[in-house]
Amino acid sequence: MNDWRPFVYGGLASITAECGTFPIDTTKTRLQIQGQVIDARLRECKYRGMFHAFVRIFREEGFCALYSGLGPALLRQATYGTIKIGVYQSMKKMFASNPMDETVLTNVFSGVIAGIVSSSIANPTDVLKVRMQARSTVGRTSMFKSFIQIYKNEGIPGLWRGVIPTAQRAAVVAGVELPVYDITKKHIIKADLMGDYAATHFFASFAAGFAGAVASTPIDVVKTRLMNQRVLKVIGEEGTAIYSSSLDCLMQTVKSEGFLALYKGFIPTWVRLGPWNIIFFLTFEKLKKFY
């Protein structure tokens, strides 16, 4: 395998999966930011669940609203997905040249490092995506104008808002999903249940999606809320924020809304991660045939 191919194929597979599941991600974002008792803008709980959110957004804002933020999302996958899979595959090769010799420990370590590096670099695109998804049709602007607005009003720190929980989430997701997929696939093949075919890739990716949703949803809620808050710069004064850190956001969320608030959007997260992983891994495995 040439070194550049995991990076390119990882990016292409990530973009394909993102296009197929983006409306679910929009409903997840809306569910996660609503009901914030300490934020007057988002105190109302407009949506009762994923399906209700999907229908209401479609009726009130139109079909395009479900794909609001797709531009930065694809840009994010072109960077985040490319780096994550490339780093993960390259690091695994350092520990074991044969996939059958890989261990859970090395795969988890490779996934965590890949998630942290890739998400930290791609964070500005994640901020853009969240802001555009959270915004209704009123006052919606283009990706470029949104970028300029964030930069003018909040500076460079605004583009890296939420980078710590983003890196934490990416470390958890990559450190869970990628090893779960690889280990599940390996054991299915070793047990002679199925060969290295699409059905094996399907079951392994489904397991990876469920595991990733359970592990990452609380961090995803914190990350989404941190990214969505605005901190305006005032001349001669420091900007104020509702949440001062990821830990503060977590504690305030639990205190004001209860522990289950950390699992707001779990169903759309799972519904999205399942198909996302299936599309991603099936596409990635197909591209690997060109190695």
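What are the ³J(HN,Hα) values, in whole Hz, obtained from phi via the Karplus relation 6.51 cos²θ - 1.76 cosθ + 1.60 with θ = phi - 60°, for each residue of region 191-197 in sequence order, with x given for Gly and Pro?
Going residue by residue, I get 7, 6, 6, 8, x, 7, 10 Hz, with x marking Gly and Pro.
How would you rank 201-207, 220-226, 43-49, highest first, on the average number of other Cβ atoms within 10 Å across their residues? Working shown, then result.
Values: 201-207: 20.7, 220-226: 26.7, 43-49: 12.6.
Ranked by mean Cβ neighbours within 10 Å, highest first: 220-226, 201-207, 43-49.
Given charges of +1 on the Cβ of Lys and Arg and -1 on the Cβ of Asp and Glu, with all other atoms neutral, how large is the dipole of region 108-213 about its Cα centre, in debye to the nearest 20?
About 560 debye.
Between Pro99, Pro275, Pro218, which gets the highest mean-square fluctuation from a Gaussian network model of the chain, Cα cutoff 10 Å?
Most flexible of the set in this elastic network: Pro99.
Using the Karplus curve 6.51 cos²θ - 1.76 cosθ + 1.60 with θ = phi - 60°, what ³J(HN,Hα) values do you get for each residue of region 198-212, in whole Hz, with x for Gly and Pro?
Here the 3J(HN,Hα) series is 4, 4, 5, 5, 5, 5, 5, 6, 5, 4, 5, x, 5, 4, x Hz.
Using only the Cα atoms of region 38-164, what are the Rg and Dmax in Å?
Here Rg and the maximum Cα pair distance are 18.8, 55 Å.
With 28 Å as the limit, write out which pairs from Lys223/Lys288; Lys190/Lys288; Lys152/Lys223; Lys28/Lys289; Lys223/Lys255 have Cα-Cα distances beyond it, or answer none.
Check vs 28 Å cut-off fails for Lys223/Lys288; Lys28/Lys289.
Report the rotationally averaged projected area of the chain based on its alpha-carbon convex hull, in square nanometres. Mind dumping the intermediate values first?
Working: hull surface 62.1 nm².
Orientation-averaged projected area of the Cα hull: 15.5 nm².
For region 170-291, what is the accessible area per residue in Å², given a 1.4 Å probe and the full set of protein chains?
Value for region 170-291: 47 Å² per residue.
Need one value: the accessible area of Lys185 in square angstrom, 1.4 angstrom probe, rounded to the nearest 10.
Its heavy atoms expose roughly 30 Å² to the probe.
Mind checking the angle between helix 5-33 and the chain's longest principal axis? C-alpha axes, 0 to 90 degrees, to the nearest 10.
Tilt relative to the chain: about 40 degrees.
Quick one: pull the percent of accessible area on the chain belonging to carbon and sulfur, 1.4 Å probe, ligands and nucleic acids left out. Let's see the in-between values first.
Values: 9150 of 13460 Å².
Exposed carbon and sulfur together represent 68 percent of the surface.
Could you give the size of the charge dipole of region 37-172 about its Cα centre, using +1 on the Cβ of each K and R and -1 on the Cβ of each D and E, expressed in debye and rounded to the nearest 20?
460 debye
So for region 87-232, averaging the separation of alpha carbon pairs under 8 Å that are six or more residues apart and normalising by length, what relative contact order in percent results?
31 percent
The values are calculated or read from the model by the stated rules, or taken from the named source; none is laboratory data. Only a predicted model underlies this, so the values are computations on that prediction, with no experimental measurement involved. Note that each Cβ is placed from the backbone with ideal geometry, even for glycine, and that neighbours are counted across all protein chains shown. Side chains are part of the model used for accessible areas, which takes the heavy atoms of the whole protein and leaves out ligands, DNA and RNA. Shrake-Rupley method; radii C 1.70, N 1.55, O 1.52, S 1.80 Å.
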